[in-house]
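Accompanying notes for the structure given below.
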Amino acid sequence: EYMGDFTTKKRDLKKKEMLRKILCRNFSFYGLRSHVNTNCYSNLFSLSTIRFMSLSISNNNFDDDHKKITTPKVDEYTKKVQLKDLFEDHGGVKFIGQTVTIGGWVRTSRVQSNLTFVEVNDGSCSYSVQVLFDQDSPQANQLVTGASVLLEGEICRTPSDVKSAKQLVEIHAKKVLYIGACDPNDYPIPKIKLTLEFLRNVLHLRGRTATIGSALRIRNAVAIATHDFFQKKGFLYIHTPIITANDCEGAGEVFSVTNLLKRADEEIKRTPVTKEEIELLNEKINKQNERIQSLTEQKGNKKNIKNASAELVQLKKDFENLEYRYSLVGGIPRNSDGLIDSSNDFFGKSTYLTVSGQLQAEAFASSLGSVYTFGPTFRAENSLTTRHLAEFWM
């Protein structure tokens, strides 16, 4: 009965029989175990078939090991059971009867008969767990979509007559430890398919969607695998600078890093410097020089000479500042060629977001041997296609 959805063509009979044996031996809640290539059989069965099979198998015989009641892993820091640990081994069947503490965010909530069904996800995996509350529970009406919750409950088997069940187990709530209230009318992430363009407008909540959450978990796995590969090969991980004065490849546009623009906006708000102001201040400097020279020749009071010299230093600083402001074009300093003068910028030269860590890696390879770099790189290609990214890791 498990194989009813498979094709009956003769050329698939061998695959069908082989898959049947694999499923009977290696079946778990997540489908086939990791060492089985499920892509080879993606055309032979559907996700609904797997879910049906998981429920059917769960109501039949398990090995003796599956019947043993064990305690789920509790996170060392949060003191909670993560859903990925709950569902990891045969969908949590081994933990039936155990009382656990879970926490997460409510994805959906519905009332049926005298029960409230709440779907909670904690971000550790793409699966959510169904939590049951009595309708007369004082907290049940607060558990709306978007709310956060921390609760204690007993792990129970999902009734076998529930054909639409997504998990083998569910949690019957005993105690609500905390509720972070949420107004469902203002919460922007309903349980419907949302476009990526829409999610860009709610960046702080996009991680709660299955698409972004899954993408981030995949990135995590790929990044860890990248580091594991090179570390096992004896390579040294090098952190290359994100801000650099080098255009490593010279093959594309770069993002400039500067604080001149902010200073330009501040300068525009100020009263413009005129040439007359500069000439007037220059005259003051000349007079101050003459005064100091006169005091020195007359062997005047040393304190007066010292004060006059300090005033001269300040006048020269003011003169340099006025000359600088007078030379600005649109609030930005320019050189004699009309180009931006980066000598007045934060680093004293033109700087960019790195396009590659290759240049620094080559330098370190000449002193440290086997090295690798893995970090963010930036390209200012003015393209909106999927083949051009403004930021990526390599």
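The values are calculated or read from the model by the stated rules, or taken from the named source; none is laboratory data. Note that the structure is a prediction, hence the values are computed from the model and not measured. A quick note on method: Cβ atoms are made from the backbone with ideal geometry, for glycine too, and the neighbour counts reach across all protein chains shown. We work out accessible area using only protein heavy atoms, side chains counted, and drop any ligands, DNA or RNA first. Shrake-Rupley method; radii C 1.70, N 1.55, O 1.52, S 1.80 Å.
Read phi for every residue in the range 376-391 and hand back ³J(HN,Hα) as whole Hz from Karplus 6.51 cos²θ - 1.76 cosθ + 1.60, θ = phi - 60°, with x for Gly and Pro.
Whole-Hz 3J(HN,Hα) from phi for the range 376-391: x, 10, 9, 10, 9, 6, 7, 9, 9, 7, 6, 8, 10, 10, 6, 9.
With the full set of protein chains in place, find how many percent of the accessible area of the range 305-379 is carbon and sulfur; take the probe as 1.4 Å.
Summing carbon and sulfur atoms, their accessible area is 54 percent of the total for the range 305-379.
Express the C-alpha Rg of the range 143-213 as a ratio against the empirical globular expectation 2.2 N^0.38 Å, rounded to two decimals.
1.39
If I ignore ligands, DNA and RNA and count only protein heavy atoms, how much of residue 122 is accessible to a 1.4 Å probe, in Å² to the nearest 10?
About 30 Å², ignoring ligands and nucleic acids.
What are the radius of gyration and Dmax of the range 210-332, computed over its Cα atoms and given in Å?
Computed over the Cα atoms of the range 210-332, radius of gyration and Dmax are 28.8, 86 Å.
Say each of residue 135 and residue 374 gets a label point 7 Å from the Cα, pointing the same way as Cα to Cβ; how far apart are those two points in nm?
Result for the modelled spin labels: 5.3 nm.
Of the options 351, 294, 278, report the single residue whose Cα projects farthest towards the positive end of the charge dipole of the range 260-394 (beta-carbon charges: Lys, Arg +1; Asp, Glu -1).
Of the candidates, 294 comes out farthest on the positive side.
What is the spin-label model distance, in nm, from residue 73 to residue 181 if the labels are put 7 Å beyond Cα along the C-beta direction?
Going by the 7 Å Cα→Cβ label model, 3.7 nm.
Can you figure out the FRET efficiency of residue 318 with residue 290, using R₀ = 25 Å and their beta-carbon distance, to the nearest 0.05?
Rounded to the nearest 0.05, the efficiency is 0.85.
Under a plain spin-label model, where a point goes 7 Å from the Cα along Cα-to-Cβ, how far apart in nm are residue 160 and residue 344?
Modelled inter-label distance: 8.3 nm.
So how many Å³ per residue does the convex hull of the Cα atoms of the range 309-394 work out to?
Roughly 195 Å³ of hull volume per residue.
Using only the Cα atoms of the range 292-340, what are the Rg and Dmax in Å?
In order Rg, Dmax, the Cα atoms of the range 292-340 give 17.4, 49 Å.
Positive end of the dipole of the range 70-209, charges at C-beta (+1 Lys, Arg; -1 Asp, Glu), about the Cα centre: which of 202, 82, 97 has its Cα farthest in that direction?
Positive-end residue among those listed: 202.
Based on Cβ point charges of +1 for Lys and Arg and -1 for Asp and Glu, what charge dipole magnitude is obtained for the range 197-309 about its Cα centre, in debye rounded to the nearest 20?
Computed charge dipole of the range 197-309: roughly 720 debye.
Holding the Cα-Cα limit at 26 Å, pick out from 275/299; 73/174; 284/349 the pairs that are longer than that.
275/299; 284/349, as the Cα separations exceed 26 Å there.
Using 0.36 nm times the number of residues separating residue 335 and residue 266, minus their current alpha carbon distance, what extension gain do you get?
That works out to 22.8 nm of additional length.
Can you compute the charge dipole magnitude of the range 261-303 about its Cα centre, using +1 on each Lys and Arg Cβ and -1 on each Asp and Glu Cβ, nothing else charged? Give it in debye, rounded to the nearest 20.
Its charge dipole is roughly 340 debye.
Can you send over the solvent-accessible area of residue 204, 1.4 Å probe, protein chains only, in Å² to the nearest 10?
150
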